[in-house]
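To start, the structure under review is shown below, and the notes come after it.
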Amino acid sequence: MLGWKPALELGLALALGLVALGSRAAQQAELPRTPPFGLDPWTPPEANDDARADLGRRLFFDPILSLDRSVSCSSCHDPAHGFADDERFSRGVGGERTTRNAPTLWNRAFGTSFFWDGRASTLEEQALFPIENDLEMALPLDTALERLARDDAYRAAFAATYGGPPEHESLARSLAAFVRRQFRGDSPVDRFRAGDAGALTSLEQSGLWIYESRGRCWRCHAGANFSDEDFHATGVGVVDGVAEAGRSAITGASKDRGKFKTPTLRGLAFTAPYLHDGSLATLEEVVEFYRRGGIEHAERDPAMAAIQLRPDDAPKLVAFLEALSREAPQTASGR
C-alpha cells in the first residue's frame, strides 16, 4: 500500500498529465463566461465579450509580440503549468531572465492589483508591461501595433472587434479579456464545504481543519479565491537581514518594504516553484517555511509567527493543497 507522499505524487503526476493535455488544446477550447462552482459568481462585464477574449487568446499564444518573435505571453504563463512557469525565473528574448517568478493567471478576474508588487491597478494595464520589458518580450508598443496592423488577419480581427486598427487600448483590452476567462475552481474542497462529506479524504479534511484553525493560513489566504489580495512581508528575499523593496518601490512607504502580493492557493500543485523569487521547489518546503514563521527581519508581518505543527500535520496540509488544486468529478447535474 502506498504511503501518503508516494500516493500524492502519483495523483499529482496524473493530474499534471491531464493539465498538459489541456494545454495543447488551450488555443482552441471554449472560454468559460462565468466562474465555476466555489468562486464568486460575479465577473466584470469585459469578460463576457467573446470576440475580445478570442482575439486576446490568439495574441496570448503568438510570438508576434516579442522583438525577435521567439516568445509569447504563454512562454512564461504556460497553461501546462497553471498559467505560470516551471522555472524559477522565466526566459525572455535573447535568453534574458526575469527577476521574479511568473505568477499564475488563474482567477485574475478577481484581482484588485497586479504583479507581485501591485504596480498595475487593472489587467489592461498589466497586459502591456511584459511586451515592452527588456527582460521579457522587449518590443516597443508602437512597433507591436505596427506589426499587428501589417498582418492581414490581425488587422481584420481588430477592425471587426473594435472598428479600427490595433491600438494600445484595444490590444490591452483583448489580452485582459482572455486572462479574465481563466478560472480555477470547483475543487473537492468546494464540494466538501457545500455539504458533500465524501468529497475529501480524512487526510485532506484534517489539512483543511489545520488551514482553518491553528495553521492560521486563512489570515492571508482568505475568501473564495484563497487570497486577501493584499501585501505581506514574510521574509522571502531577505539577505543579511535586509528585505527587498517589494511594495515600497511602488508606494514609497517604508512600512511596505519587503511586502509582496498574496497569491491564490487554487491550482497551487501545478505552479511550482513557489514564492515571488521561486525559491521553494515543493509544497512540503512551502509548509515548512510557514511553519517556521518565514524569515525574521525588521519589516516582517506581525501575522508571521512560528506555527505549532505536529510531525504528521505537514502531509495533511499538503494533501489539502493538492485537493484544492484538483477539479471535482462532474456529476450528471454538472456538479
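We did not get these values from a lab; they are worked out from the coordinates using the rules stated. Here the structure is a predicted model, which means the values were calculated and not measured. Cβ placement follows ideal geometry from the backbone for every residue including glycine, while neighbour counts extend to all protein chains displayed.
Here are the numbers for the structure shown:
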| item | result |
| --- | --- |
| Approximate spin-label separation residue 196-residue 87, in nm, with each point projected 7 Å along Cα-to-Cβ | 3.8 |
| Centroid-to-centroid separation of the stretch 268-328 and the stretch 130-183 [C-alpha atoms, Å] | 37 |
| For the stretch 225-335, size of Cβ-based charge dipole, Lys and Arg +1, Asp and Glu -1, in debye | 260 |
| Nearest 10 degrees, 0 to 90: helix 50-60 Cα axis against the chain principal axis | 80 |
| Estimated distance in nm for a label pair at residue 34 and residue 143, the labels positioned 7 Å out from Cα along Cα-to-Cβ | 4.5 |
| Mean separation of Cα contacts under 8 Å (6+ apart) over length of the stretch 198-335, as relative contact order % | 31 |
| Folded to 0 to 90 degrees: helix 123-132 orientation relative to the chain principal axis, Cα | 70 |
| Ranked 325, 72, criterion: other C-beta atoms within 10 Å, fewest first | 72, 325 |
| Taking 239, 179, 318 and counting other C-beta atoms within 10 Å, the order from fewest to most | 239, 318, 179 |
| Simple Cβ-charge dipole of the chain, Lys/Arg +1 and Asp/Glu -1, about Cα centre, in debye nearest 20 | 640 |
| Value at 222 nm in deg cm²/dmol, rounded to 500, when DSSP H runs of n ≥ 4 in the chain each add -39,500 (n - 2.57) | -10500 deg cm²/dmol |
| Ascending count of other beta-carbon atoms within 10 Å, so fewest first, for 162, 154 | 162, 154 |
| Cα shape, the stretch 127-269, gyration tensor, a/c 1.5 rule | oblate |
